[in-house]
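Colleague: Structure incoming, see below.
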Amino acid sequence: MLTNRSVVVSKKEMTLMEKIYLPAIVKGLWITFWHMFKKPATVRYPEQQREWSPVYRGLHVLKKDEEGRENCTACGLCAVACPAEAITMTAAERKMGEEHLYKEEKYASVYEINMLRCIFCGLCEEACPKEAIFLTDRMVPTEYQRESFIYGKDKLVEPTDNRVDITKRQKQLTEA
Ligand code: SF4
Ligand code: SF4
């Protein structure tokens, strides 16, 4: 026993009204009827969506610099900081002629986040010294296969021609 707390169970006889159940059924129907006129606590997702909190932590993005080069230098600090062990990566050395692709001499040739393990705590973002990984206000979409939740660079790195705006959430964080 973990605690000394105990509950005394009473076995008192049911009254006639309790035995016939009808008052309880009528009471249940009344409660259901009453709730039909109350504001529902749920929304019809996905047609309706709730407004996110300004500091909502959603799908990650691997950012590029102004010149379109990947910021990540595969230092592994995000993976070490991750309490869910959701991040894995493979480091590679930048070759001659790849300076326009990767900002640092070392980069992540493979970078994966297992979204089923991730608890969206944001510690990877805090640990990153290169401003390479950020959580965004985007949702991780539903999938049918577990493997589809392993997000690689194809889904994480922001496209140069379609940048992911992180300023709104970052602004809220600095103001908080
Ligand atoms: S948000 Fe948290 S759990 Fe998810 S990858 Fe980053 S550190 Fe790991
Ligand atoms: S995202 Fe940041 S912390 Fe993680 S490996 Fe890249 S540079 Fe290091």
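Read-outs throughout are calculated quantities, based only on the coordinates presented, and are distinct from any laboratory measurement. As the structure is a prediction and not an experimental result, all values here were calculated from the model. Please note: Cβ atoms are built from the backbone with ideal geometry, for glycine as well, and neighbour counts cover all protein chains shown.
Colleague: With springs only between Cα atoms under 10 Å apart, run a GNM on the chain and tell me which of Glu147, Glu98, Glu13 wobbles the most.
Modeller: Between Glu147, Glu98, Glu13, it is Glu13 that shows the largest mean-square fluctuation.
Colleague: I've got another one for you. Looking at the calculated P(r) for region 60-175, what percent of the C-alpha pair distances fall above 18 Å?
Modeller: Values: 3319 of 6670 pairs.
Counting every Cα pair in region 60-175, those more than 18 Å apart make up 50 percent.
Colleague: When the chain is treated as a GNM, springs tying every alpha-carbon pair under 10 Å, which of Gly122, Gly28, Gly76 comes out with the largest mean-square fluctuation?
Modeller: Ranking Gly122, Gly28, Gly76 by mean-square fluctuation puts Gly28 first.
Colleague: Find the cysteines in the chain that fail to meet the 4.7 Å Cβ criterion with every other cysteine, and list them.
Modeller: Cys72, Cys75, Cys82, Cys118, Cys121, Cys128
Colleague: Further, regarding this structure: Work out from phi, with θ = phi - 60° and the Karplus expression 6.51 cos²θ - 1.76 cosθ + 1.60, the ³J(HN,Hα) of each residue of region 121-128, listed in order in whole Hz, and give x for Gly and Pro.
Modeller: 7, x, 5, 4, 4, 5, 7, 5
Colleague: How large is log10 I(q)/I(0) at q = 0.24, 0.25, 0.31 Å⁻¹ when the Debye formula is applied to the Cα atoms of region 1-48, each weighted equally and without solvent?
Modeller: Taking Cα atoms of region 1-48 as identical point scatterers yields -0.93, -0.96, -1.10.
Colleague: Only sites in a loop by DSSP and with at most 11 other Cβ atoms within 10 Å count here; which GluC sites (Glu not before Pro) in region 21-90 make the cut? Walk me through the intermediate numbers first.
Modeller: Details: sites: Glu47, Glu51, Glu66, Glu67, Glu70, Glu85; in loops: Glu47, Glu51, Glu66, Glu67, Glu85.
When the GluC sites (Glu not before Pro) of region 21-90 are filtered for loop state and at most 11 Cβ neighbours within 10 Å, Glu47, Glu51, Glu66, Glu67, Glu85 remain.
Colleague: Next question. So if I take the centroid of the Cα atoms in region 100-126 and the same for region 130-147, what is the distance between those two points in Å?
Modeller: With region 100-126 and region 130-147 each reduced to a Cα centre, they are spaced 11 Å.
Colleague: If you wrap region 83-133's Cα atoms in a convex hull and average its projection over all directions, what's the area in nm²?
Modeller: Values: hull surface 15.4 nm².
Computing the convex hull of the Cα atoms and averaging its projections yields 3.9 nm².
Colleague: Enumerate the amide H contacts of Glu131 below 5 Å, restricted to partners 5 or more residues apart or on another chain; note that Pro and chain-start residues carry no placed amide H.
Modeller: Amide H neighbours of Glu131: none.
Colleague: What does the helix-only formula give at 222 nm for the chain: each DSSP H stretch with n ≥ 4 adding -39500 (n - 2.57), the total divided by the residues, and the result rounded to the nearest 500 deg cm²/dmol? Intermediate results must be reported in sequence, preceding the final value.
Modeller: Values: 6 runs with 42 residues, N = 176.
Taken over the chain, the calculation gives -6000 deg cm²/dmol.
Colleague: So which trypsin sites (Lys or Arg not before Pro) in region 103-152 pass both tests, a DSSP loop state and at most 14 other Cβ atoms within 10 Å of the Cβ?
Modeller: Details: sites: Lys103, Lys106, Arg117, Lys130, Arg138, Arg146; in loops: Lys103, Arg117, Lys130, Arg138.
Sparse-neighbourhood loop trypsin sites (Lys or Arg not before Pro): Arg117, Arg138.
Colleague: For the chain, what's the relative contact order in percent, using C-alpha pairs closer than 8 Å and at least 6 residues apart?
Modeller: 25
Colleague: Using the Karplus curve 6.51 cos²θ - 1.76 cosθ + 1.60 with θ = phi - 60°, work out ³J(HN,Hα) for each residue of region 96-109 in order, rounded to whole Hz, and write x for Gly and Pro.
Modeller: Once rounded to whole Hz, the list reads 4, x, 9, 4, 7, 9, 10, 6, 9, 6, 10, 9, 8, 6.
Colleague: Right, here's the next one. Enter the angle in degrees (range 0 to 90, nearest 10) between the Cα long axis of helix 22-35 and the first principal axis of the Cα atoms of the chain, meaning the one along which they spread out most.
Modeller: With rounding to tens, the tilt is 40 degrees.
Colleague: Give me the lysines in straight-line cross-link reach of Lys153: C-alpha distance below 27 Å, same-chain residues under 8 apart excluded.
Modeller: Partners found: Lys63, Lys64, Lys95, Lys103, Lys106, Lys130, Lys168, Lys171.
Colleague: Right, next: In region 23-102, which chymotrypsin sites (Phe, Trp or Tyr not before Pro) are in a loop and have at most 16 other Cβ atoms within 10 Å, using DSSP for the loop call?
Modeller: Numbers: sites: Trp30, Phe33, Trp34, Phe37, Trp52, Tyr56, Tyr102; in loops: Phe37, Trp52, Tyr56.
Passing sites in region 23-102 are Phe37, Trp52, Tyr56.
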